[in-house]
Amino acid sequence: MGNKAQYTTRTEGAVKEALLTLLAEKPLADITVSELARLAHVSRSTFYEHYGNPADVYDAVVSDFTGGVSPLVSQITCPDELQPRGRTFCSLIRDAGEFAPAVRESRFLDTFLASGKGSEQHDLFELLTNAGYSQHEAEAVCAFQMSGCFAAARTIHVEDDEWAEIKTVIDRFILGGIAACLASRRGGPA
C-alpha cells in the first residue's frame, strides 16, 4: 500500500472514529463538519477531500459495520454444524460493540436498506424475483424481513442462550413465509 493509500485509510478511519464518538453524545443531525474534523485531527479541507458531509461518513460507517453480514437464506437454512459465511444480521445488531452509536442512530435501518444489502444484494431478493415476483414485491418482502430482524434484535434484551431459542422461532417463521411465497408462485397452496 502506497503512502497516499495509507494516508487515505488513516484519515478516513480517524473521521469514522470521530463520528462514532460524537454519535454516542448526540444525533447525526447535530454533528458538524467542524466537530468531526477537530476530533479526527484533520482540517476541514482534508475532511472534504474524503467526505461531503457527516451523513456521508455515517453511510461509510454503516457500510463498514454491515459488510460482513451473511446472506439471509444461508443464515436460516444452514445446518447447525455448518456456519454461514459472515455474521447474521441479528447477531451483528445485538453485539454492535464500537458501532453501537451508529446502530442507535434513527436512520440506521434506512441507510442499511438503501445500501442494497437489504434488498438487491439479498439472497431472498434473488429467490423471490427468480420465482416471478416483481422487483418491488421482492424489495418490500426483504425490507419487511430485515426491519423485523432489526426490531427484534434491538428490543428483546435476553441472554445469548435465550436469544438463540428466539432466533430459531424467528427463522422458522421466515422460512414458512418464504415457502408460502414460493408455493403461491408455483400454483401450490399458499
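Only the coordinates and a few stated rules stand behind these numbers; no lab work does. This is a predicted model, so every value here is computed, not measured. Virtual Cβ from ideal backbone geometry, glycine too; neighbours counted across all protein chains shown.
How do the peptides 171-177, 154-160, 15-21, 140-146 rank, highest first, by the average count of neighbouring beta carbon atoms within 10 Å per residue?
Going from most to least packed, we get 15-21, 140-146, 171-177, 154-160.
Would you please give the residues with an amide H less than 5 Å from that of Arg87, counting only those at least 5 places away or on a separate chain, with H modeled from the backbone geometry?
Distant-sequence amide H within range of Arg87: Val69, Ser70.
At a 10 angstrom cut-off on C-beta neighbours, averaged per residue, how do the peptides 127-137, 92-102 rank from highest to lowest?
Answer by packing, highest mean first, reads 92-102, 127-137.
Please compute the net charge surrounding Gly148, taking Lys and Arg as +1 and Asp and Glu as -1 over other residues with Cβ under 13 Å from its Cβ.
With Lys, Arg at +1 and Asp, Glu at -1, the net is +1.
What is the local net charge at Asn130, summed over the other residues whose Cβ is closer than 11 Å to its Cβ (Lys, Arg +1; Asp, Glu -1)?
-1
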